[in-house]
Amino acid sequence: MPDENAVKAALKDQRIETPSWAYGNSGTRFKVFPQPGVPRSPHEKLEDAAQVHAYTGVAPSVALHIPWDRVDDYAALADYATELGLRVGAINPNVFQDDDYMLGSVCNPDPAVREKAVAQILDCVDIMDRTDSEILSLWFADGTNYPGQDSLTARQERLSEALDTIYRRLGEHQRMLLEYKFFEPAFYATDVPDWGTSFAHCADLGPRAQVLVDTGHHAPGTNIEFIVATLLRRSKLGGFHFNSRFYADDDLMVGAADPFQLFRIMHEIVRAGALEHGAGIAFMLDQCHNIEPKIPAMIRSVLNVQEATAKALLVDDEALTAAQRAGDVLGANEVLMDAYNSDVRPLLREARREMGVEPDPIAAYRASGHQEKLAAERQGGQQAGWGA
Ligand code: PSV
Ligand code: MN
Ligand code: MN
């Protein structure tokens, strides 16, 4: 059986990154519902992220989205993050919201548009330098809507050329993660639709290019843990964008739709020894909170990742391996399900007490009156940019 102290130590050590865009107002193409107390600037988004970290103790970094989080002085923004006990996490270049990008960004048939997109991404690497960010997180909305609209092969060539330019600009301590998504906004062919395409480009580029798995970017029924295991085997898993989906890219709270899937993913991570910091897997959230209050939703999401991780850590690996080797189908499944069905909340409360944070972060945040204070202080919160 796994040692309880070792399990707690691993949980205390895990880090989960929150995204700046989850703190702003968001919605669907039908309506963005503004919420009271929402941040009015990137600085205020950091302040909200600092609350999530204060209540959980495991969320010290914040991903930025450029230009949604545009400021004049990025070094000063990073300093402000430090003041709040945070640091800047992944930088996400936005190359999908300009009119120029109607036919794509780095895969666009027009070389001038491709150049503009690459320049924008290189600017983001400059921002990484100024903020000490180590991850460039790339997601391209590129694709086509109609058969024949553009050459699928030519678009891959353009993508490869752009990625190569960007890769060569990265500093020694920086890496780029290439995210895939099976459809939307392009409906016929997406240029990076799956892990295989992302893997192929990353393999061509080199060790500092890795695949980013966004859990919401798969067709229903996809065995995501298999993808995770395959990428881990080749040291090509860079990290996650956690969220959950019922239908499409729903961006709901991680672990809300399918906590069992999250557990299965974390089981592969734990089994491969990839929870340790040295493995370099970035556990990031990529969510929108359209109808629920954002700070507690982020806290809830962090707790959901921790719960899945705790269950994965509780898997009796020795018993599992023995059952697997013996071909004991039911026995092996039982070992896994035993861990999944355990109530890890008391263990997590204990780990939090030992860390000096609130054992029940949601209840403590609710009781703090912070949300009401924000609602009174902040008027006219910003839109996250997404769902606009
Ligand atoms: C769009 O699908 C998306 O949700 C991707 O997952 C990106 O990571 C995110 O937006 C931010 O650009
Ligand atoms: Mn994502
Ligand atoms: Mn997404």
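When THR165, THR309, THR18 are sorted by how many other C-beta atoms sit within 10 angstrom of their C-beta, beginning with the fewest, the order is THR165, THR309, THR18.
So, with +1 on the Cβ of K and R and -1 on the Cβ of D and E, and no other charges, what is the size of the charge dipole of the range 258-388 about its Cα centre, to the nearest 20 debye? Before the final figure, lay out each step's value.
Numbers: 13 positive and 19 negative charges, 107 e Å.
For the range 258-388, the charge dipole is close to 520 debye.
Nothing charged except the Cβ atoms of Lys and Arg (+1) and of Asp and Glu (-1): what's the magnitude of the dipole of the range 15-308 about its Cα centre? Round to the nearest 20 debye. Mind dumping the intermediate values first?
Working: 25 positive and 41 negative charges, 131 e Å.
In total the dipole reaches around 640 debye.
Summary of the geometry: the range 273-308 and the range 60-88, compared by the centres of their Cα atoms, lie 19 Å apart.
Compared with the direct C-alpha span, the chain from ASP3 to PHE226 gains 77.6 nm at full extension, assuming 0.36 nm per residue. Listed cross-link partners LYS45/LYS116; LYS181/LYS236; LYS116/LYS294; LYS116/LYS181 are compared with a 25 Å cut-off, the Cα-Cα value being larger for LYS45/LYS116; LYS116/LYS294.
Only counting other Cβ atoms within 10 Å, I'd like GLU268, GLU115, GLU172 sorted with the fewest neighbours first. The partial results should precede the final answer.
Details: GLU268 20, GLU115 14, GLU172 6.
Ranking GLU268, GLU115, GLU172 by Cβ neighbours within 10 Å, fewest first, gives GLU172, GLU115, GLU268.
Highest GNM mean-square fluctuation among ARG234, ARG15, ARG300, for the chain modelled with Cα contacts below 10 Å: ARG234. Shape class of the chain from the alpha-carbon gyration tensor: oblate, with a/c at 1.5 or above and b/c at least as large as a/b.
Applying a 10 Å radius around every beta-carbon, put 42-51, 364-373 in order of their mean neighbour count, most first.
Working: 42-51: 22.2, 364-373: 14.4.
Taking the mean over residues of other Cβ atoms within 10 Å, the ranking is 42-51, 364-373.
Considering only ALA76, VAL38, GLY27, and ranking their Cα positions along the charge dipole of the range 1-96 that arises from unit charges at the beta-carbon of Lys, Arg, Asp and Glu, the one farthest toward the positive end is GLY27.
Note on GLU172 and ARG29: the model spin-label points, each 7 Å out from Cα along the C-beta direction, lie 4.7 nm apart.
Hey, what number do you get for the chain at 222 nm if only DSSP H runs of n ≥ 4 count, each worth -39500 (n - 2.57), divided across all residues, to the nearest 500?
Details: 14 runs with 176 residues, N = 388.
Calculated from helices alone, the mean residue ellipticity at 222 nm is -14500 deg cm²/dmol.
Available extension along the chain between TYR247 and ASP343 is 31.7 nm, counting 0.36 nm per residue and deducting the alpha carbon span.
Rule-based calculations on the coordinates, nothing more; no lab input. Just so it is clear, the model here is predicted, and its values are computed rather than measured. Counting neighbours? That spans all protein chains shown, and the Cβs are built from the backbone with ideal geometry, glycine included.
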